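Enquirer: Just dropping this structure here.
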Amino acid sequence: MGTLPRLVVCGGYSRAGDGGAVSEIWGLNLATMRWKAMPALLCARSGHACCAVRGALVALGGATPGSGIRRISTSRVEMLSKKKGAFVELPPLSCSAIYAAAAITVDESHSALGQVLLLGGRDQDNTPTSSVRLVDLATGVCTP
């Protein structure tokens with residue numbers, strides 16, 4: 001177990017306190033089975049896609065807190081910068097806001113920051129989508 005990378009819990013939704021989207025990130029060291037706080041997201045969100053790209057954690061889309069229980073879908077993309085030790089904002093998704101999609105890292109070398117496949121999810125109108133989009137993290141451009 002000690003040779004495996006850590007398990008990461010990134011953002012999400014909390015019912016504690018006033019409830020809503022959170023920006024916390026926790027990493028579980030699989031050798032010691034201990035949780036450790038990691039740098040927080042810039043934007044609290046839930047229902048976002050998250051994956052590791054070239055060793056960096058990336059959060060795409062999701063829902064940010066709105067008024068009351070209303071969630072607002074977002075097209076924001078953030079990446080954990082190894083140099084800064086904190087999240088940095090990347091260009092937003094050109095395909096607009098997306099919520100509840102899945103992300104898969106693409107093994108490639110054509111992009112300065114890497115590429116991700118976004119699968120399914122819901123658009124900004126909360127309409128389910130079965131689309132698959134290739135996202136270039138350096139530009140935010142989504143290609144069907």
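The values are calculated or read from the model by the stated rules, or taken from the named source; none is laboratory data. Not measured: the values here are computed from a predicted model. Don't worry about glycine lacking a Cβ; one is built from the backbone with ideal geometry, like all the others, and counts go over all protein chains shown.
Enquirer: Which of the numbered conditions does R15 fail, given that it passes all the others? Conditions: (1) in contact (Cβ under 8 Å) with a residue 12 or more places away in the chain; (2) farther than 18 Å from T129 by Cβ.
Expert: The one condition R15 does not meet is (1).
Enquirer: Looking at segment 69-82, can you tell me whether even one residue there is at pLDDT below 90 and farther than 18 Å from C43 by Cα?
Expert: yes
Enquirer: Being loosely packed, with under 14 Cβ neighbours inside 10 Å, touching a residue at least 12 places away in the same chain (Cβ under 8 Å) and in contact with a Phe, Trp or Tyr (Cβ under 7 Å, 6 or more places away or on another chain) narrows it down to one of A21, A37, so name that one. Steps first, please.
Expert: Values: A21 fails: loosely packed, with under 14 Cβ neighbours inside 10 Å.
None of the other options fit; the residue is A37.
Enquirer: Follow-up. For the subset of segment 40-55 comprising residues that are under 11 Å from the mean Cα position of the chain (by Cα) and among the small types (G, A, S), which member is surrounded by the fewest Cβ atoms within 10 Å (Cβ to Cβ)?
Expert: If we take residues in segment 40-55 being under 11 Å from the mean Cα position of the chain (by Cα) and among the small types (G, A, S), then A52 is surrounded by the fewest Cβ atoms within 10 Å (Cβ to Cβ).
Enquirer: Consider segment 89-114. How many of its residues are over 14 Å from T74 (Cβ atoms), modelled with pLDDT of 95 or more and either touching an Asp or Glu at 6+ places or on another chain (Cβ under 7 Å) or not in a strand (DSSP E or B) (or both)?
Expert: Looking only at that region, the number is 0.
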